[in-house]
Amino acid sequence: MEKKKKILIVDDERDIVKALLIRLQAAGYHVVTAFDGAQGVFMAHKEKPDLIILDIRMPAGDGFSVAQRLKRSTHTFTIPVIFLTGSPEKEVEERAFAMGARFYIKKPYDPEELLDAVKRALEEESDTPLKLEDED
């Protein structure tokens, strides 16, 4: 039997974490959580997740500082990151991709889009960021 993929969710909004946790577990993933940047970095090292879903605006280290710290560590630099954020600014999105984000998804998010991004990020072993096209 294939080992369940482990996903770390780092977000200070507990309702969002809970909704993601339920949805990802239902999709067959093992999920661990952190509620601020410092805890997120700690959990990434402790749990060695296959993927990290990361909010940008959080206490104790925003998503960018977390991503930078993970990129600097030999233990975590290969873990793909999906930014899930309420930040609508274009430069924030560009910065996320410049930092190596696999996907950038805006809140409120479409649950199916997020699950698809998770699946694709876990399958995608290259370091090239993927951009989701807006479907109008």
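Values computed for the structure shown
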{"item": "Of all residues making up segment 3-20, the number that are closer than 17 Å to Pro108 by Cβ and not β-branched (Val, Ile, Thr)", "result": "8"}
{"item": "Segment 93-113: number of residues that are over 24 Å from Phe42 (Cα atoms) and either of a type outside the set (Ser, Thr, Tyr) or touching a residue at least 40 places away in the same chain (Cβ under 8 Å) (or both)", "result": "9"}
{"item": "Candidates Val81, Val118 - the one that is modelled with pLDDT of 95 or more, under 14 Å from Val41 (Cα atoms) and either of a type in the set (Ser, Thr, Tyr) or surrounded by 20 or more Cβ atoms within 10 Å (Cβ to Cβ) (or both)", "result": "Val81"}
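The values are calculated or read from the model by the stated rules, or taken from the named source; none is laboratory data. A quick note: this is a predicted structure, and the numbers were derived from the prediction, not measured. All Cβ positions, even for glycine, are placed from backbone atoms using ideal geometry, and neighbour counts span all protein chains on display.
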